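Everything below concerns the one structure shown next.
The values are calculated or read from the model by the stated rules, or taken from the named source; none is laboratory data. All values reported here derive from a predicted model rather than from experimental measurement. Cβ atoms come from the backbone with ideal geometry, glycine included; neighbour counts cover every protein chain shown. Ligands, DNA and RNA are excluded from the accessible area calculation, which covers all protein heavy atoms including side chains. Shrake-Rupley method; radii C 1.70, N 1.55, O 1.52, S 1.80 Å.
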Amino acid sequence: MNKLLIDNLVVELRSVSKSYRKGSETVDAVAGIELTIQERGMVAIVGPSGSGKSTLLHMIGAMDRPTRGEVLVAGQAVNRLSSGELTRFRRQTVGFVFQTFNLIPNLTALENVALPMEFNGVSASERSVRAKTLLERFQLGHRLKHRPRELSGGEMQRVAIARAVANQPRLVLADEPTGNLDSRSGQIIYELLQEVSRERTVIVVTHSEELARLADRVIHIRDGHLVDGPNSGHKVVSVTP
Amino acid sequence: MGMIILGLRNLLRNKVRLVLVAILIGVPFFLLLAMYSIGDAMQRQTTVLNENVNTVLQLRGRGSMGHVNMVGQDRLLPQDTLEKVRGIEHVRQAEPYLLAMAPITPPNFVMHVGLAPGAVKRLESHGEAGNPRIIAGRDFMPEDAGQDVAIIGQGYAEWAGIRPEDVGKATLTIDPTRTHPAIFGMDRPTRELRIIGMYASGYIFGDLQLFMPVETFRSIYGIDQGISWLFVNVDNVENVPVVAQRLQEAVGDVADILVPESAAVFTATTSQRVTQLTSVGGILAVALMVIVVFFVLLMIVRERAREIGTLKAIGASNGGVTTQFLTEAVALTLLGGALGLLLFRGIGEIVTGRLFALSIGPFLPSHYRPLFESLAINSNLSASTLALVIAVAVLAAVIGSAYGVWQAVKLSPLEAMKHE
Ligand SMILES: Nc1ncnc2c1ncn2[C@@H]1O[C@H](COP(=O)(O)OP(=O)(O)OP(=O)(O)O)[C@@H](O)[C@H]1O
Ligand SMILES: [Mg+2]
């Protein structure tokens with residue numbers, strides 16, 4: 001591998017397995033996965049229920065540790081980070097988008113977006129400006145002072161995406177971000193994630209083949225193994241410099 | 001915002017619960033304040049008792065009760081005992097009393113006491129208790145010395161048919177010739193005394209006495225010389241043994257010396273009991289707060305498991321999560337403390353008075369009651385009370401929330417991923 005290629009990799013999985021104990025037997029949720037993901041672009045992870053999609057995503061996001069193998073994100077071996085390093089990793093390198101939105105209910109949209117910046121030590125004035133700019137860019141300029149319960153599902157998820165990118169992470173992870181939305185709102189969310197993916201890597205777990213088609217790359221997973229599927233190779237993306 | 005502000009804002013998320021929890025914490029705080037003020041009152045009480053009770057020795061004629069007309073008990077202290085006693089170092093005051101018994105409707109008798117108008121009106125057989133409360137008329141004044149006036153106990157007055165409104169006009173006839181199995185008659189003319197005051201001691205035998213100026217007593221009973229009882233006031237409780245020793249040396253051959261041991265023991269045990277009771281009450285109150293905080297925090301952490309996971313996923317540190325929940329717990333207990341203080345200010349005096357009476361009632365001889373009542377429970381907001389409330393609030397919050405906070409810190413960010 002030449003240096004340029006290494007620099008372009010944002011995620012690298014080396015023989016990653018994750019096993020769970022269920023009584024006396026062990027279940028391999030993810031088994032011996034080798035995977036590299038390039039800087040920028042949208043990657044969809046698809047596969048049947050229980051195939052290990054979420055498990056894979058959690059390991060990439062350092063929410064879960066692999067049983068075997070190594071996960072490298074932005075050059076860091078995330079399974080070996082200390083608790084302090086892990087906190088910094090979550091603040092700076094990765095942003096999460098949840099199926100259930102997970103906005104803090106008693107904070108306004110603006111405050112929700114500003115929160116990760118505050119954790120990251122951004123000054124009050126700067127984070128307020130940045131949060132406002134982000135929300136306006138996501139067509140939520142008229143919802144700054146609204147609380148989550150005063151927003152629609154689609155609006156909540158847009159606020160959540162703004163929050164995920166607030167600290168300009170290299171990686172955005174989303175597990176079925178449209179699972180709780182109607183198809184119209186889902187469509188908007190996917191377009192937004194696509195837009196976000198021009199500047200950073202977005203990895204989306206989804207059941208929807210239709211939405212997977214918008215992705216630059218689709219990873220198929222079955223019984224914890226990667227399988228070849230249509231559109232599984234590296235697609236040449238126009239935004240790649 | 002900061003985790004502290006976030007914690008404070010979280011308080012308002014469930015207002016019904018906030019009010020409920022504030023009450024649940026406020027009531028033990030009220031209890032704690034009540035216990036604290038009782039302990040405080042007890043402290044002051046003990047000081048008063050130590051000054052006034054434990055420092056008084058009583059002298060009586062050797063082997064005699066010292067009552068001028070009591071069968072076999074009429075030996076008095078020689079008159080010069082007074083001079084000898086007053087010469088002893090550390091003696092602050094020596095008050096001579098003369099006592100006679102008078103029969104009333106069988107089978108009781110009453111006590112006639114002669115004393116200097118300014119002397120403490122002690123109750124027979126309860127010499128420790130100080131001046132009983134005057135409920136009608138007035139107390140003695142210096143010019144009453146040698147006059148035919150008296151202050152009567154309400155029990156005696158009732159027997160004699162003297163009502164409080166008669167005080168000042170009513171008279172009582174003293175007849176030294178009357179007898180009783182324990183009382184011998186004295187061949188003296190009767191005397192009419194004008195009743196100038198009436199007292200109540202709250203104690204049935206204590207109320208069966210008549211106080212008169214000592215010169216009046218001497219002329220009624222024809223006692224020119226001698227002293228029934230001599231109360232010796234020592235300047236400090238520590239000097240009591242020394243004074244007792246000196247008294248023994250000076251007048252031991254003619255006098256029995258009663259050292260206030262029993263009073264000291266009584267005071268010590270009573271105050272010890274009250275202190276124990278208030279400490280137990282205080283500890284229970286704090287324990288109650290801790291338990292309330294414990295369950296509330298556990299409930300909150302369970303409710304907000306997903307939110308805590310989310311906060312971690314977007315970069316909150318363990319310290320941040322701890323700060324947030326600790327802030328919420330401390331704010332809750334402080335709010336409860338404020339409510340407890342408010343309650344205490346409002347109804348503390350009444351309730352605490354009752355509690356006080358209830359808590360020490362069983363240990364308290366009734367003649368102490370006026371003394372205790374004279375010491376009002378202090379429900380004022382002092383700096384030390386405020387400091388106590390704040391310290392206890394923080395302590396209860398930290399101890400009570402420790403487990404909940406630990407649970408929150410332990411939560412994995414994966415909690416954020418779970419759906420229903
Ligand atoms: N905490 C756990 N304990 C035990 N088994 C688990 C745990 N998490 C996941 N599994 C198992 O691992 C396998 C993969 O689970 P995973 O959640 O990754 O699937 P998924 O592809 O995300 O499914 P879905 O599309 O239904 O979300 C499943 O068989 C699941 O039962
Ligand atoms: Mg899943």
* Could you give the Stokes-Einstein D for the range A:9-145 in µm² per second, using the C-alpha Kirkwood radius, 4 °C, 1.567 mPa s? -> 75
* Pairwise FRET efficiency - B:T269 versus B:T179, Cβ, R0 = 60 Å, nearest 0.05 -> 0.90
* Give the longest segment of chain A that steers clear of trypsin sites (Lys or Arg not before Pro) in DSSP loops with at most 15 neighbouring Cβ atoms within 10 Å, not counting the sites themselves. => A:1-144
* Estimated inter-spin distance, B:S384 and B:N318, nm [label 7 Å along Cα→Cβ] -> 4.1
* To do: Give me a single rounded figure for A:95-103: the average over its residues of other chain Cβ atoms within 10 Å of their Cβ.
  => 5
* **Over the range B:159-289: Kirkwood hydrodynamic radius from C-alpha pairwise inverse distances, Å** => 20.0
* Structure fact -> Here the averaged projected area of the range B:55-259, based on the convex hull of its alpha-carbon atoms and given in nm², is 10.8
* In nm, to one decimal, how far is the A:S15 label point from the A:S83 one, both placed 7 Å along Cα→Cβ? -> 3.1
* **Chain lengthening between A:V129 and A:D182 when straightened (0.36 nm per residue, less Cα-Cα)** => 16.0 nm
* Asked: How much accessible surface area, in Å² rounded to 10, belongs to the heavy atoms of A:E126 with a 1.4 Å probe?
  -> 90
* Carbon and sulfur atoms: what percent of the 1.4 Å accessible area of the range A:127-212 do they account for? -> 44
* Return the calculated 222 nm mean residue ellipticity for chain A, to the nearest 500 deg cm²/dmol, obtained by summing -39500 (n - 2.57) across DSSP H runs with n ≥ 4 and dividing by the residue count. => -9500 deg cm²/dmol
* Structure fact -> Under the rule rounded for a/c under 1.5, else prolate if a/b exceeds b/c, else oblate, using alpha carbon gyration tensor axes a ≥ b ≥ c, the protein assembly as shown is classed as prolate
* Along each principal axis, Cα extent of chain A, largest first, Å -> 49, 47, 39
* For B:L342 and B:R86, FRET efficiency with R0 = 45 Å and r from the beta-carbon atoms, rounded to 0.05? -> 0.25
* **FRET efficiency, 1/(1 + (r/R0)^6) with R0 25 Å, evaluated for B:Q79 and B:I104 via beta carbons** => 0.25
* To do: Obtain the radius of gyration and the Kirkwood radius of the range B:136-179 from its C-alpha atoms and give Rg over Rh.
  => 0.98
* Please report how many Lys pairs in the protein assembly as shown have alpha carbons closer than 29 angstrom, counting only residues at least 8 apart along the chain or sitting on separate chains. => 27
* **Residue-level accessible surface for A:T108, protein heavy atoms, 1.4 Å, Å²** => 10
* Structure fact -> Distance in nm between A:R147 and B:R188 label points, each 7 Å along Cα→Cβ, equals 8.8
* Asked: What does the charge dipole of the protein assembly as shown about its Cα centre add up to, to the nearest 20 debye, if the Cβ of each Lys and Arg holds +1 and the Cβ of each Asp and Glu holds -1?
  -> 3040
* **Under 18 Å from the B:E143 label point (7 Å along Cα→beta-carbon), backbone N, the range B:154-195** => B:168-169, B:194-195
* **Accessible area of the protein assembly as shown divided out per residue, in Å², using a probe of 1.4 angstrom** => 45
